[in-house]
């Protein structure tokens, strides 16, 4: 029940509807956890609070989203400026496609105090195209929240999906931590290119345990 209702909440693009739905979800979960530890309640409340900071990317957000991608790639990957610019361009192109032909794309941003600080893009073929957070906001759970939000939305329409991605060397520990498994040889490309995949059901269950 928690999965289906949370997916419903995140599906709302209208902020007020999403907030009302999440309020109902929080009341139900809190009632069910009354006999559980305060730690479980606090953990869910952190997730619940973060959902208000995640929303679909709109065209007006593009410049801010591009800035996040640029900062993340230039500051975290051991690549030349030209290589970094090429990686940024590829991510931006995918984002533009999702806005021009939105069917099947899940393109979300994380906003902190009106500032866009993170972005995730999941393509119709279930490939995670990009997941970036402004380096100034690393290690605050933002990437995890974005990933989980995208997975929940996709799970609603495709519960048998297998999520695939190519991770940079920098991001490899993050994806291993979240339940992905390497499914091929690392390619010698700028920043590293490590293929990962995992069933979406496994990823969501691992996150909710």
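Values quoted throughout were computed directly from the atomic coordinates according to the rules given, and no laboratory measurement underlies them. As the structure is a prediction and not an experimental result, all values here were calculated from the model. Reconstructed Cβ throughout: ideal geometry from the backbone, glycine too, with neighbour counts over all protein chains shown.
Remarks
- Overall form of the stretch 75-183: rounded. Here a/c, set by the Cα gyration tensor axes a ≥ b ≥ c, is under 1.5.
- Modelled spin labels at residue 80 and residue 176, positioned 7 Å past Cα toward Cβ, are 3.0 nm from each other.
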